[in-house]
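A short worksheet on the structure shown next.
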Ligand code: SF4
Ligand code: SF4
């Protein structure tokens, strides 16, 4: 249906329709963000022998994040006197908008997708790259030295890790023969790509952790060195926007991994088909999300001066070798 | 990579382990008898010897005595006794020197107040502070 | 070459990784430090001056607050100094209690270091694991002395309290438990490649540098100098126990890490033997006059605290109060090498280097 709408001539009806759809997705994503933050705090709490939030909203602290968000909205909005005002205000928006835009192309189930783009994967990578501008701007506009360092680090890191990230999925693209995410899922009917592309998966996982700047790649906002990195000076809902962008990316990246390497919404075996795709998708999704949380509570941070080296000297060659290997396998066996 | 895997295994194992946090303030903290908290003062035991005020390293005890009301008895009885908990470091020295155990430690430690003036505790307060009193006072 | 402007960055006094109120003014070229200048004194309380108006017993609670992570060793050094001046013999049982308390304190102190150092490096979980074990030690010391951090346990001539019922048994049970946890720590952190990458070759200095900067404790032993006062100038009853002094050769943060972890094990060895040989009964306080007056003269004693050599110098003119009291505070001396180490490093390494020195600001500032 959406495909038709996209192709029909523009009009008020279309606008309202898309607006409502976008709003619904936003609410769904916000709901996810709320509970993924809770999940993160719970998982980390349990690993660290604590309970995590357990006061508000019953034993599992189900309303904790809601209360936190409410607090952030009510907080005084501080803009430092010497900050670059327009840019300071603009930065969180620039950081957040692309994170939401990438969601449009992700097929959550065979029917629940907003835009079935021919170059979905490319679109995802390209648009998500825009966030860096918001972060750099925020770091620069705050007029704080820690923010500046954090922003610079973030930019350097995200740009360099984008390359191995794209390189590592080239194998998947070779095997499926398409950049369309739906096609990629369908190509995994007879086996997930993680089985065919283990090296690609590992490179992708590492590079995506760096893209999300999560531990062990959380250098841009390493709280023990740069206080809070690029968002040191941000408060209230502006700060919330940065956090939101981060978690929406986590959502998107986890969904992307599910699609690229774990067969998206499809059941692992044919006879399990009676379980709806949405269930499969969320199951796989949760496992991968847990992986990220698990990493975060286990590893220390990477060393800053080895970071670039790692991306260019290790991940890049490995990803390239993986492409070669895939090409050979493809031409020999398929 | 092996080291990373070992670490992951370790943290995964912790997931199901017993939690180590205390449920304070819902449950009071378990404290040993010797714990040094806000003092309990027994006015009737005090002989106004001033030793506690002299040993206090931060000079936070102020006391005055008065003549014994019963003229047949010698000595003094306590009139006012104040401890300034802004500077008391709960070091236990006052209770250590007191010859009659008129001042002893308790396990109460919650001293948070809205105003600094409230931290100035007088004889009545210290007298009423009579739960969780330390059982054994001298080694 | 692009010429860039140097940037001045104030790290601290409120900063997550300066372990208190330590301030470091660094000049940065990009992320590279060209000059670092420590600024200290935010926690200065004038212990030494205050002590001139205090009786010896009254000084003991003040020493608790210097190196607040191992208050027992501080208690000991002042008592030891006064005892040396007065020539007091300490009862055996008191000596055992002191050693057990000090070694428990050393383990607790190294645990805090381990946890916070990993926290500095960005790993959040080790902190809680370390504090779980530390909590057990603190609880034991709480049972013994009535304080969780500021013990005020030792007295001139002995200790304040005897061990409560079953306490030695608890110490005995703690030792194997701690060994097991230590193995867990090693599997979580010590072999972790990311961690190794961060600490190897960081903050390296030579034996000569270490001696010239008057470093002590682990900061000295990590360069290959085998110098531990518990072995080389045995005080208390340390000569009765069989333990090693862990040394490393390379002098970098990784060597310091290994030394500290090995030291925990050695402390456990001492604890094991001390708990085993603990005398059944005996006095815990020697015969001392009610009012302690050190004879006219001076004395300097030094012992091994978890951070290095802590020394105490007393000059007395025969009164109840010392005429002059001076502490040699190891953190303060160990910190001196920091500007030299930081030159040419980047910010991330700055935290790793500062953390590896293991300072306690209460001690640095006095
Ligand atoms: S506990 Fe110490 S500081 Fe407090 S009143 Fe007693 S002697 Fe003074
Ligand atoms: S030492 Fe004891 S008896 Fe003497 S004045 Fe103080 S409280 Fe009273």
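The values are calculated or read from the model by the stated rules, or taken from the named source; none is laboratory data. A quick note: this is a predicted structure, and the numbers were derived from the prediction, not measured. Here the Cβ is made from the backbone with ideal geometry for all residues, glycine too, and neighbour counts use every protein chain on show.
Remarks
- All positions within the range C:15-25 that are more than 9 Å from chain A (Cβ to nearest Cβ), in contact with a strand residue (DSSP E or B) (Cβ under 9 Å, 6 or more places away or on another chain) and either surrounded by fewer than 21 Cβ atoms within 10 Å (Cβ to Cβ) or at positive phi (or both): C:23, C:25
- Every residue from the range B:22-45 that is exposed (fewer than 15 other Cβ atoms within 10 Å of the Cβ) and either within 13 Å of another protein chain (Cβ to nearest Cβ) or not in a loop (DSSP other than H, G, I, E, B) (or both): B:22, B:23, B:24, B:25, B:26, B:29, B:30
- Some residue of the range A:83-101 being touching a residue at least 40 places away in the same chain (Cβ under 8 Å), in a helix (DSSP H, G or I) and within 14 Å of chain C (Cβ to nearest Cβ): no
- Condition broken by residue B:37, with the remaining ones in (1) without any contact (Cβ under 8 Å) to a residue 60 or more places away in the chain; (2) under 23 Å from residue B:135 (Cα atoms) satisfied: (1)
- No other residue among C:306, C:246 is free of Cβ contacts under 8 Å to residues at least 40 places away in the same chain and either surrounded by 15 or more Cβ atoms within 10 Å (Cβ to Cβ) or away from every other protein chain (no Cβ under 14 Å) (or both) apart from C:246.
- Flag if residue B:96 is away from chain C (no Cβ under 14 Å) and either assigned to a loop (DSSP other than H, G, I, E, B) or surrounded by 11 or more Cβ atoms within 10 Å (Cβ to Cβ) (or both): no
- Number of residues in the range A:303-325 that are over 13 Å from residue A:161 (Cβ atoms), surrounded by 14 or more Cβ atoms within 10 Å (Cβ to Cβ) and without any contact (Cβ under 8 Å) to a residue 40 or more places away in the chain equals 2.
- Residue check, residue A:116 at pLDDT 80 or above, touching a helix residue (DSSP H, G or I) at 6+ places or on another chain (Cβ under 7 Å), surrounded by fewer than 19 Cβ atoms within 10 Å (Cβ to Cβ) and not in a helix (DSSP H, G or I): no
- Selected residue (only one of C:101, C:81 is part of a helix (DSSP H, G or I) and in contact with a strand residue (DSSP E or B) (Cβ under 7 Å, 6 or more places away or on another chain)): C:81
- Restricted to strands (runs of 3 or more DSSP E) entirely inside the range C:274-366, those with at least 3 residues that are touching a helix residue (DSSP H, G or I) at 6+ places or on another chain (Cβ under 6 Å) and farther than 23 Å from residue C:34 by Cα are C:297-305, C:308-316.
- Of all residues in the range A:286-305, those being assigned to a helix (DSSP H, G or I) and at the interface with chain C (Cβ under 7 Å from one of its Cβ atoms) number 4.
- Inclusion of residue B:91 among residues that are more than 8 Å from ligand 2 (Cβ to nearest atom), under 30 Å from residue C:63 (Cβ atoms) and part of a loop (DSSP other than H, G, I, E, B) is warranted.
- Test for residue A:156: is it within 14 Å of chain C (Cβ to nearest Cβ) and surrounded by fewer than 19 Cβ atoms within 10 Å (Cβ to Cβ): yes
- Residue among A:38, A:30, A:56 that is buried (at least 18 other Cβ atoms within 10 Å of the Cβ) and more than 14 Å from chain C (Cβ to nearest Cβ): A:38
- Residue selected from the range C:26-54 under the condition surrounded by 14 or more Cβ atoms within 10 Å (Cβ to Cβ) and within 16 Å of ligand 1 (Cβ to nearest atom), by the criterion nearest to the chain's Cα centre (by Cα): C:47
- Among the residues of the range B:66-88, the ones that are outside any loop (DSSP other than H, G, I, E, B) and more than 8 Å from ligand 2 (Cβ to nearest atom) come to 9 in all.
- Flag for residue C:57 being in contact with a strand residue (DSSP E or B) (Cβ under 9 Å, 6 or more places away or on another chain), surrounded by 20 or more Cβ atoms within 10 Å (Cβ to Cβ) and within 14 Å of chain B (Cβ to nearest Cβ): yes
- Selection count, the range B:99-133, where residues are away from chain C (no Cβ under 13 Å), more than 14 Å from ligand 1 (Cβ to nearest atom) and surrounded by fewer than 17 Cβ atoms within 10 Å (Cβ to Cβ): 14
- Boolean, residue C:173 is under 26 Å from residue C:328 (Cβ atoms), surrounded by fewer than 16 Cβ atoms within 10 Å (Cβ to Cβ) and away from every other protein chain (no Cβ under 14 Å): no
- Within the range B:46-77, the set of residues being in contact with a strand residue (DSSP E or B) (Cβ under 6 Å, 6 or more places away or on another chain) and either within 6 Å of ligand 1 (Cβ to nearest atom) or away from chain C (no Cβ under 14 Å) (or both) comprises B:46, B:48, B:60, B:61, B:62, B:63, B:64, B:65, B:66, B:68, B:76.
- For the range A:261-279, taking the residues that are crowded, with 19+ Cβ neighbours inside 10 Å and modelled with pLDDT under 80, the one that is nearest to the other protein chains (Cβ to nearest Cβ) is identified as A:263.
- Residue A:214 passes every criterion in (1) within 14 Å of chain C (Cβ to nearest Cβ); (2) free of Cβ contacts under 8 Å to residues at least 40 places away in the same chain apart from (2).
- Cβ pairs under 6 Å, 6+ apart, first in the range B:71-100 and farther than 15 Å from residue B:40 by Cα, second within 11 Å of ligand 2 (Cβ to nearest atom) and in a strand (DSSP E or B): B:76/B:65; B:79/B:64; B:79/B:65
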